[in-house]
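The values are calculated or read from the model by the stated rules, or taken from the named source; none is laboratory data. Everything numeric here is computed off the predicted structure, so don't read it as measured data. So basically every Cβ, Gly included, is an ideal-geometry build from the backbone, and we count neighbours across all protein chains shown.
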Amino acid sequence: MLCPVCRSGSIKVLDSRESRDGGAIRRRRACLDCNHRFTTYERIETTPPIVLKRGGGKQAFDRNKIRAGLQRVCHKRPVDDEQIEALIGAVELWAATRGEREIRAEEIADRITRLLRPLDLVAYVRYLASHGVYHNVDEFVHLLGQMEKAAHTSPEGQRTLFEIDARGQIQLSAPSRLFVEAEDEADSGDRSAAAAVPDSEVS
């Protein structure tokens, strides 16, 4: 294995342990030339089915694409990389053991939401919004109204995609921002969150 920074082959394994879900071996490595440290995962090789896209096209199951989407919705949330990898591994194993050659993208998205909700409610809501599962604000507010245990802010003090008013009711925070494209969310999500916080809360 080559170092991802300097491409040296002088790599040392610092630590090896089983992932939380037991589906992979996590190894912490270090380059002996440039001292860069990185993490790799060793898992059973599977052959997932071909994904049928919403527009009618087909593509191979792409772990990297799923990972990028999850990293966006889990941004500044208490979900670490190992949890994301475990979720992807569970989805990949589920898809590969269905016994079908093709699978619809909507089925994969549904499986991801089922596994994401127990990890973090805010990330779950972001994922639903970015994938266009809900087509109007009223329908989305109805979902949020059922989430009685939703917190007002994240553990880091960042405003979430929804807030609780003085009556204890869950309200949308900048609802129009919930329905932007996923790529747009990645570029401007931080700026939108900052703009939504009143000056009195910034101090």
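In segment 53-73, is there at least one residue being assigned by TED's automatic domain parsing to the domain that holds residue 102 and in contact (Cβ under 8 Å) with a residue 60 or more places away in the chain? Full working, then the answer.
As a first pass, look at segment 53-73 and keep what is assigned by TED's automatic domain parsing to the domain that holds residue 102: 53-73.
Adding the requirement that they be in contact (Cβ under 8 Å) with a residue 60 or more places away in the chain leaves 69, 72.
Yes, that holds for at least one residue.
Every residue, every condition in (1) in contact with a His (Cβ under 9 Å, 6 or more places away or on another chain); (2) crowded, with 17+ Cβ neighbours inside 10 Å; (3) not polar (S, T, N, Q), yes or no:
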| position | (1), (2), (3) |
| --- | --- |
| 14 | no, no, yes |
| 25 | no, no, yes |
| 35 | no, no, no |
| 38 | no, no, yes |
| 43 | no, no, yes |
| 50 | no, no, yes |
| 64 | no, no, no |
| 72 | no, yes, yes |
| 84 | no, yes, yes |
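Pull up segment 37-62, narrow it to residues that are among the polar types (S, T, N, Q) and over 24 Å from residue 5 (Cβ atoms), then point me to the one that is modelled with the lowest pLDDT.
So in segment 37-62, the residues among the polar types (S, T, N, Q) come out as 39-40, 46-47, 59.
Now drop any that are not over 24 Å from residue 5 (Cβ atoms), which leaves 46-47, 59.
Working: 46: 72, 47: 79, 59: 92.
Filtering segment 37-62 for residues that are among the polar types (S, T, N, Q) and over 24 Å from residue 5 (Cβ atoms), the one modelled with the lowest pLDDT comes out as 46.
Name the residue, out of 26, 20, that is of a type outside the set (Ser, Thr, Tyr), assigned to a strand (DSSP E or B) and at pLDDT below 90. Steps first, please.
On the way: 20 fails: assigned to a strand (DSSP E or B).
Checking each option against the conditions leaves just 26.
So how many residues does segment 96-105 have that are at pLDDT below 90 and either part of a helix (DSSP H, G or I) or not basic (Lys, Arg) (or both)?
4
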